[in-house]
Every structure is written in structure tokens, then in C-alpha cells.
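The values are calculated or read from the model by the stated rules, or taken from the named source; none is laboratory data. Only a predicted model underlies this, so the values are computations on that prediction, with no experimental measurement involved. Virtual Cβ from ideal backbone geometry, glycine too; neighbours counted across all protein chains shown. The protein model used for the area step is the full one, side chains on, heavy atoms only, and it has no ligands, DNA or RNA in it. Shrake-Rupley method; radii C 1.70, N 1.55, O 1.52, S 1.80 Å.
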Amino acid sequence: MNSMLAIFNLGGGEVFLILAVVLILFGAKKMPELARGLGLSIKEFKKATREVTDELHSAMDETNRPAPIPAPRLPAATVASGTDHKPDATPAQKA
């Protein structure tokens with residue numbers, strides 16, 4: 001909270017004066033509702049910034065990743081038998 005106050009250069013007296021004005025304008029019954037709404041807004045803002053940051057990091061990781069090197073492909077006959085041989089003659093060639 002001190003860092004937030006340091007951004008606006010607010011001291012304790014100024015913060016107290018602002019809270020008093022808000023209390024007068026909105027009343028004591030609305031204060032918890034306003035504080036809850038402010039808290040939820042801050043929570044949603046942090047969630048959105050975290051999601052954007054994660055998305056940027058994942059996009060940067062994808063662009064920096066080298067393309068995979070494909071494995072050499074062997075002919076099907078060589079892979080199945082382990083040797084390089086010709087298939088048997090078809091029935092039409094035997095007759």
C-alpha cells in the first residue's frame with residue numbers, strides 16, 4: 001500500500017481526508033460495497049495482466065524454438081524385412 005501512496009505522493013492526512021469525503025458522499029452503508037467492488041476490480045485487472053503476460057511469454061518461446069529435424073524415411077520393404085529384397089512374383093507372372 002505504501003508504494004501505491006508513493007505514486008500519488010499522498011501522506012496520511014490526505015488519505016484520511018479522502019476517506020472522510022467518500023464517507024460523507026456515499027454513506028457508511030455503501031462503503032463495504034464500494035470496497036468490495038474495488039477489490040474485485042483490482043483482482044480482475046491483475047488476472048488479465050497475468051494472462052496477457054503468460055500469452056506473450058508462450059509466444060516468445062514458440063518463436064525462439066528451433067524447428068524439429070525430421071527422421072530419415074526408409075522404404076517400406078526395407079523396414080519390414082530388415083533387408084533389401086524384391087517381393088515374390090504375382091500369380092499372373094507365375095502362370
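Observations, loosely collected:
- In segment 49-93, the residues that are open to solvent by 100 Å² or more (accessible area, probe 1.4 Å), modelled with pLDDT under 80 and either touching a Gly at 6+ places or on another chain (Cβ under 8 Å) or in a helix (DSSP H, G or I) (or both): E62, T63, N64, P91, Q93
Let's see how each residue does on (1) among the β-branched types (V, I, T); (2) open to solvent by 100 Å² or more (accessible area, probe 1.4 Å); (3) at pLDDT 85 or above; (4) part of a helix (DSSP H, G or I):
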{"site": "L10", "(1), (2), (3), (4)": "no, no, no, no"}
{"site": "E14", "(1), (2), (3), (4)": "no, no, yes, yes"}
{"site": "L17", "(1), (2), (3), (4)": "no, yes, yes, yes"}
{"site": "I24", "(1), (2), (3), (4)": "yes, yes, yes, yes"}
{"site": "A28", "(1), (2), (3), (4)": "no, no, no, no"}
{"site": "E33", "(1), (2), (3), (4)": "no, yes, yes, yes"}
{"site": "R36", "(1), (2), (3), (4)": "no, yes, yes, yes"}
{"site": "G39", "(1), (2), (3), (4)": "no, no, yes, yes"}
